[in-house]
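Notes follow once the structure below has been shown.
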Amino acid sequence: MPTALLQAHSLWKSYDGHLQVLRGIELAVDRGDGTLVWGRNGSGKTTLLNLLGCLDLPDSGSILLDGQDITTLSSSGRARVRLNQIGFIFQEHNLLEELTVRQNILLPMRLSRSSDAEERVDWLLERFGLEDLAERRPREISVGESQKVAVARALANRPRLLLADEPTASLDEESARDLLQLLEELRMEGRAILLASHDSLAMDLSWRKLGLLEGRLKPL
Ligand SMILES: Nc1ncnc2c1ncn2[C@@H]1O[C@H](COP(=O)(O)OP(=O)(O)OP(=O)(O)O)[C@@H](O)[C@H]1O
Ligand SMILES: [Mg+2]
């Protein structure tokens, strides 16, 4: 049986040693899967995505990405996985203010010493209709445009897995619909996407839907 792209097993995570946020997460994500993780404020969505995205470590449990347990890697090993295999879209776009749109998208490719960085940044700018904004800084573009730049940046190194943490939270309804449509297009191209949201628009996606409740994931 081929292994899933991502497999999380018995993930537990607490903060300050007492607040148990995740209590035995089981999750498998295949290539091309669209998965929505639905949960109220404080249910642990960001905590879960941070673990899956190599931004934090669980107290116990395993996270296999393509069969490799990323929780056992050194911090530099995890940084490499994060850079090359995972695209992360944050609630707030997290773009670097001192860099232009073009430079923001280019940065992950520079860090990974990608050989086709210039061609790829041109392609991504065109793909997302950002060519005219390429030389602007984040404060000179709209919030909706910033999120598109964040998606382009997340795709820079052709990640196998895209993690999106409430990416529509600061968007108006039309921009939110646009962004969700964009994620759906990316999924149809074969990417695995895990979207954490409590935006009711996300419920319209024909994706697998999991609820995060009391630290566990359950089908909705
Ligand atoms: N670094 C931290 N230190 C201590 N407690 C934390 C930390 N990060 C999150 N928590 C707590 O863990 C719980 C889950 O937080 P988390 O941010 O994962 O929830 P969430 O589902 O993403 O919420 P939201 O919808 O508001 O983004 C909350 O009770 C929060 O206060
Ligand atoms: Mg959150």
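The values are calculated or read from the model by the stated rules, or taken from the named source; none is laboratory data. Just so it is clear, the model here is predicted, and its values are computed rather than measured. Neighbour counts are summed over all protein chains in view; Cβ atoms, including those assigned to glycine, are modelled from backbone coordinates with ideal geometry.
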- Given (1) surrounded by fewer than 17 Cβ atoms within 10 Å (Cβ to Cβ); (2) of a type in the set (A, V, I, L, M, F, W, C); (3) away from ligand 1 (no atom under 13 Å from the Cβ), where does Ala169 come up short, assuming only one miss? (3)
- Item | Qualifying residue in the stretch 182-189 (condition: modelled with pLDDT of 95 or more and within 16 Å of ligand 2 (Cβ to nearest atom)) | no
- By my count, strands (runs of 3 or more DSSP E) wholly in the stretch 107-220 with at least 3 residues that are touching a Pro at 6+ places or on another chain (Cβ under 8 Å) are 208-213
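Conditions tested, residue by residue: (1) within 13 Å of ligand 2 (Cβ to nearest atom); (2) more than 13 Å from the chain's Cα centre (by Cα); (3) at pLDDT 95 or above; (4) not in a strand (DSSP E or B).
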{"position": "Ser10", "(1), (2), (3), (4)": "no, yes, yes, no"}
{"position": "Gly17", "(1), (2), (3), (4)": "no, yes, no, yes"}
{"position": "Ile25", "(1), (2), (3), (4)": "no, yes, yes, no"}
{"position": "Arg31", "(1), (2), (3), (4)": "no, yes, no, yes"}
{"position": "Leu36", "(1), (2), (3), (4)": "no, no, yes, no"}
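Residue by residue, here is whether (1) surrounded by fewer than 17 Cβ atoms within 10 Å (Cβ to Cβ); (2) closer than 19 Å to Ala196 by Cα; (3) over 12 Å from the mean Cα position of the chain (by Cα) holds:
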{"residue": "Asn41", "(1), (2), (3)": "yes, yes, yes"}
{"residue": "Leu48", "(1), (2), (3)": "no, yes, no"}
{"residue": "Gly53", "(1), (2), (3)": "no, yes, no"}
{"residue": "Ser60", "(1), (2), (3)": "yes, no, yes"}
{"residue": "Ile63", "(1), (2), (3)": "no, yes, yes"}
{"residue": "Asp69", "(1), (2), (3)": "yes, no, yes"}
{"residue": "Ser75", "(1), (2), (3)": "yes, no, yes"}
- Taking Leu83 as the residue in question, decide whether it is at pLDDT 95 or above, within 13 Å of ligand 1 (Cβ to nearest atom) and either touching a Pro at 6+ places or on another chain (Cβ under 8 Å) or among the hydroxyl-bearing types (Ser, Thr, Tyr) (or both). no
- Inside the stretch 44-86, can you point out the residues that are of a type in the set (A, V, I, L, M) and either part of a helix (DSSP H, G or I) or within 16 Å of ligand 2 (Cβ to nearest atom) (or both)? Leu48, Leu49, Leu51, Leu52, Leu55, Ile70, Ala79, Val81, Leu83
- Query: Among the residues of the stretch 37-55, is any farther than 18 Å from Leu161 by Cα, within 16 Å of ligand 1 (Cβ to nearest atom), touching a residue at least 60 places away in the same chain (Cβ under 8 Å) and touching a helix residue (DSSP H, G or I) at 6+ places or on another chain (Cβ under 8 Å)?
  - Reply: yes
- Task: Give the residues of the stretch 86-96 that are among the hydrophobic types (A, V, I, L, M, F, W, C) and within 16 Å of ligand 1 (Cβ to nearest atom), sorted by residue number.
- Result: Phe88, Ile89, Phe90
